[in-house]
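The values are calculated or read from the model by the stated rules, or taken from the named source; none is laboratory data. This is a predicted model, so every value here is computed, not measured. Neighbour counts run over all protein chains shown; Cβ positions are idealised from the backbone, glycine included.
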Amino acid sequence: MLRAIILGVVVAVVVTLVCILVGSILIALTVSIAVTVGQFLKDYAAVIGILAGLWYAFSGYNGQVK
């Protein structure tokens, strides 16, 4: 259980950083829809990361192929 929580935190951090990076790249494109999506990703990166970490930690995946 502790392993799942630690991996969930790692997943949350990675997803948050990726959302911020992709959002910044999309904002730099200066295309209207890309700026809108990029700003959304940057604004809600922490929420998306936390949800991804929680989903990963409590989805029941234990790292083994069944």
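Look at (1) without any contact (Cβ under 8 Å) to a residue 40 or more places away in the chain; (2) buried (at least 16 other Cβ atoms within 10 Å of the Cβ) and you find that residue 57 fails only one, number (1).
Scanning the stretch 44-62 finds one or more residues that are modelled with pLDDT under 95, of a type in the set (Ser, Thr, Tyr) and assigned to a helix (DSSP H, G or I). Taking each residue of the stretch 1-29 that is of a type in the set (S, T, N, Q) and looking for partners that are surrounded by 13 or more Cβ atoms within 10 Å (Cβ to Cβ) with beta-carbon atoms closer than 6 Å, six or more apart or interchain, yields 16/45; 16/46; 16/49.
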